[in-house]
1. For labels at Lys139 and Ser151 in the simple 7 Å Cα→Cβ model, what's the distance in nm?
2. Decide, for the stretch 1-71, between rounded, prolate and oblate: order the square roots of the alpha carbon gyration tensor eigenvalues as a ≥ b ≥ c, take rounded if a/c falls under 1.5, and otherwise choose prolate if a/b is larger than b/c, else oblate.
3. With a 1.4 Å probe and all protein chains left in place, how much accessible area per residue does the stretch 11-153 have, in Å²?
4. Work out from phi, with θ = phi - 60° and the Karplus expression 6.51 cos²θ - 1.76 cosθ + 1.60, the ³J(HN,Hα) of each residue of the stretch 10-25, listed in order in whole Hz, and give x for Gly and Pro.
5. Using all alpha carbons of the stretch 11-153, what is the percent of pairwise distances in each 10 Å bin, ordered from the shortest bin to the longest?
6. What are the trypsin sites (Lys or Arg not before Pro) within the stretch 6-35 that DSSP puts in a loop, where the Cβ has at most 12 other Cβ atoms within 10 Å?
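The values are calculated or read from the model by the stated rules, or taken from the named source; none is laboratory data. Values in this document were obtained by computation on a predicted structure and should not be read as measured data. Quick reminder, even Gly has a Cβ in these numbers, built from the backbone with ideal geometry, and neighbours come from all protein chains shown. Surface accessibility is based on the protein's heavy atoms, side chains included, excluding ligands, DNA and RNA. Shrake-Rupley method; radii C 1.70, N 1.55, O 1.52, S 1.80 Å.
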Amino acid sequence: MTPKHEKQEFVTVLVRDPRIQKEDSWHSYINYEIFIHTNSMCFTRKTSCVRRRFREFVWLRQRLQSNAVLIQLPELPSKTPFFNMNNPQHVDHRRQGLQEFLEKILQNALLLSDSRLHLFLQTQLSPEDIEACVSGQTKYSVADAILKFASLHRRFPIEDGERKKGKIDADSDSESSSLGLGHSSDDSISHGCKASPASEES
């Protein structure tokens, strides 16, 4: 009989804080903060935060589907030519759709076993570097990538006990280029996620 006090596993995912980023002088895009909080043994880190853009969600769905052909994956919000990144309603509708997509994905045990999903949610590696990592073409493992990314971007008091011991992460950012973790996603530039970020919707 299951004890009443046995801790049940949970995974909380939030897609929030859409921000407009300049790609070049002519093009812009929106990326979204993905916040994960969990006690699941499936996850290397119990709290994490990254930023991803829509086309990376499209890539993730395609890769998950190719590795789980018998599963009907949830749909992403439709990509429409009428989408206006300066329209808060359009942006929030897409944000809600992305969150619902991840919520459904994270309920499936088979999909949770895919390392691409974990690297997508808990590192800022680009899709190309995620593929290289899961295929064993990198010097670092999936867990290494997640833990090293977390050590450079700690923002959460839940997992920041080291600070109380006098460990300060201020010098960590200067080491990011020497970790050998491949290239960050193009929407990861200066995207340190914060516990309570201010939305920059326009």
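1. The two pseudo-label positions are separated by 1.4 nm.
2. oblate
3. Values: 6910 Å² over 143 residues.
Solvent-accessible surface per residue comes out at 48 Å².
4. Each residue's phi maps through the Karplus curve to give 9, 9, 9, 10, 10, 10, 8, 6, x, 9, 7, 10, 8, 8, 7, 5 Hz.
5. Taking every Cα pair in the stretch 11-153, the percentages come to 11, 41, 36, 12, 0.
6. On the way: sites: Lys7, Arg16, Arg19, Lys22; in loops: Lys7.
Qualifying residues, ordered by number: Lys7.
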